[in-house]
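Participant: Structure incoming, see below.
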Amino acid sequence: MPKKTVEEEDLGAMRAARFGRVKNNLSMGFVGLPNVGKSTLTNLLAGACHAEAANYPFCTIDPNEVQCIVPDQKFKYLSDCYKPSSIVPAALKVVDIAGLIRGASEGAGLGNAFLSHIAAVDGIFHLVRAFECDEVTHVDDSVDPIRDLDTIESELCKKDIVTLATVLHGEKERVRKEKGLAKAAEPPLSEAVSNAFRKCTELLESTTPIQAGEFTMGEVEVIKDWGFITTKPQVYIVNMTKKSFIRKGNKWLPKIQDWVKAHGGGQIIPMSCEFEQEIFDIKDDPAAVKTFLDECTAEARALGLKGPQFVAKSVVPRIIRSGRAALCLQSFYTAGPKEVRAWTIQTGCTAPSAAGVIHTDFERGFIKAEVANFDDFKALHNGQASMAKVKEAGKYMQQGKLYVMREGDIVIFMHNVTKAKKK
């Protein structure tokens, strides 16, 4: 399997992050052709059979939403330490969107509805089929991931071209109204709007996602409000056979990597729904799961494939974490004898904004945040379910309004909201 650098993996996410909404309750949506495994993988991510996984092109018509628990060793450690009566982990909302087909942007299949569902999510899990199976039909009668990638990218770009025309019309109408111009007059658009429109047009007409373009900060601010699909961060997931996944090899993977690199970059996660389903079916028997994984690892070793990358394990946790990372989300924790909870915030969030995730009064009346980073707590707490040892070591900090939250912060917020006096 071709090795990618961290820079290559992060490139697409960094470019797309410019256009993202600043919210804590963002969602990822599965996009792909029919019968590539979207509903099956949605079920696996959620840990239950929420979506109807059937061998029929439009078995998922309305978008199916699930909340996927975010795998988090730090949260588990805090829960095991404090042993509270209530634990609330972080979750990622994932939407299973029905399969697109060629011509969807013009209404083929159930295209217009499906494209609107894609527009409603904040990031895309682009699922690609790289497995042969006579029992699972392919909408184009043969397996070719590159053709499928081209089909999906083309339909998304065509939809954005339609959106761009609508946006330009609305922008011109707004300027005419502001300047009192006649309807027949050609209104003067700002330099940022004109350049953004020109660059977006060139990208989309060459079937290149907008997120791959070079834009000034002013142009980015303009584009953010235009509601394009191809500005959304994408994580590419390649669904292979169990055999290919165990070998960590598939004839399509190098070609898929080249395609992704040429279309704006992004993270690629090879996986196998077949492999993951077998684990899911025996998940209540840890011994059986271990035996299954050991057998898969032994199968790879028998082929001469050794090393940590060939140790068989589920990639479901990695997929969920990659979705959160693509949306620029992270967690902070509140921990005590009554409850341990992971709270979701955007990367770069300040302490008052993080406090507001718990309650708006906490942000409005923010005084300070008492913060210990998880790594310091783990190294110093000496088995105690308290911050006493952390305080003794000088690692329990008081932070003000300008403090930028870090992944893994354990926090207590101090606030004071006084009611207005009655007149």
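Participant: Of the listed peptides 335-341, 172-178, what is their order by residue-averaged count of other C-beta atoms within 10 Å, with the highest listed first? Can you show the working numbers first?
Facilitator: On the way: 335-341: 17.0, 172-178: 13.6.
Descending packing order for the listed peptides: 335-341, 172-178.
Participant: Here is a follow-up. Take the alpha-carbon centre of the stretch 65-99, take the same for the stretch 303-350, and report the distance between them in whole Å.
Facilitator: 9 Å
Participant: Is the shape of the stretch 370-421 best called rounded, prolate or oblate, per the rule: a/c under 1.5 gives rounded, else a/b larger than b/c gives prolate, else oblate, with a ≥ b ≥ c the square roots of the Cα gyration tensor eigenvalues?
Facilitator: Prolate shape, in that a/c is at least 1.5 and a/b is the bigger ratio.
Participant: Convert each backbone phi in the stretch 377-392 into a coupling constant with the Karplus relation 6.51 cos²θ - 1.76 cosθ + 1.60 (shift: θ = phi - 60°), then list the ³J(HN,Hα) values in order as whole Hz, x for Gly and Pro.
Facilitator: Going residue by residue, I get 4, 4, 6, 10, 6, 6, x, 8, 8, 7, 9, 4, 5, 5, 5, 4 Hz, with x marking Gly and Pro.
Participant: Follow-up. Using the Cα centre as the reference, give the magnitude of the dipole from point charges on the C-beta atoms of the stretch 297-423 (Lys, Arg: +1; Asp, Glu: -1; all else neutral), rounded to the nearest 20 debye.
Facilitator: Once rounded to the nearest 20, the dipole reads 380 debye.
Participant: Next question. For 299, 171, 155, 202, what's the largest-to-smallest order of accessible area, 1.4 Å probe? Intermediate values should be presented prior to the final figure.
Facilitator: Values: 299 85, 171 30, 155 5, 202 105 Å².
Result, largest first: 202, 299, 171, 155.
Participant: Ok, one more. Just the accessible area per residue of the stretch 272-329, please: how many Å² with a 1.4 Å probe?
Facilitator: Roughly 54 Å² per residue, with all protein chains present.
Participant: Same structure, new question: Taking 7 Å along the Cα-to-C-beta vector as the label spot, tell me the residue 132-residue 243 distance in nanometres, rounded to one decimal.
Facilitator: A separation of 0.9 nm, rounded to one decimal place.
Participant: Another question about this same structure. Where both residues lie in the stretch 232-381, what percent of DSSP beta bridges are antiparallel, nearest 5?
Facilitator: Counting DSSP beta bridges with both partners in the stretch 232-381, the antiparallel share is about 60 percent.
Participant: Provide the convex hull volume over Cα atoms per residue for the stretch 261-314, in Å³. Please list the in-between numbers first.
Facilitator: Working: hull volume 6.1 nm³, N = 54.
Each residue corresponds to 113 Å³ of Cα convex hull volume.
Participant: How large is the charge dipole for the stretch 235-275, taken about the Cα centre, if only the Cβ atoms of Lys, Arg (+1) and Asp, Glu (-1) carry charge, to the nearest 20 debye?
Facilitator: In total the dipole reaches around 200 debye.
Participant: At a probe radius of 1.4 Å, what is the per-residue accessible area of residue 415, in Å² to the nearest 10?
Facilitator: Estimated to the nearest 10 Å², residue 415 gives 70 Å².
Participant: Show the residues, 5+ positions off or on another chain, whose built amide H is closer than 5 Å to the amide H of residue 93.
Facilitator: Amide H to amide H, under 5 Å and 5 or more residues apart or across chains, residue 93 pairs with 28, 68.
Participant: Starting from the 7 Å offset along Cα-to-Cβ, what nm value, one decimal, do you get for the label separation of residue 76 and residue 313?
Facilitator: Simple spin-label model gives 1.0 nm for this pair.
Participant: Hey, for a label at residue 178 modelled as a point 7 Å past Cα toward Cβ, could you say which residues of the stretch 213-231 have their backbone N under 17 Å away?
Facilitator: Residues 218-226 fall inside that zone.
The values are calculated or read from the model by the stated rules, or taken from the named source; none is laboratory data. What you see is a predicted model; the values in this text were computed from it and never measured. As a convention, Cβ positions derive from the backbone with ideal geometry for all residues, glycine included, and neighbour counts pool all protein chains shown. For accessibility, only protein heavy atoms count, side chains too; no ligands or nucleic acids. Shrake-Rupley method; radii C 1.70, N 1.55, O 1.52, S 1.80 Å.
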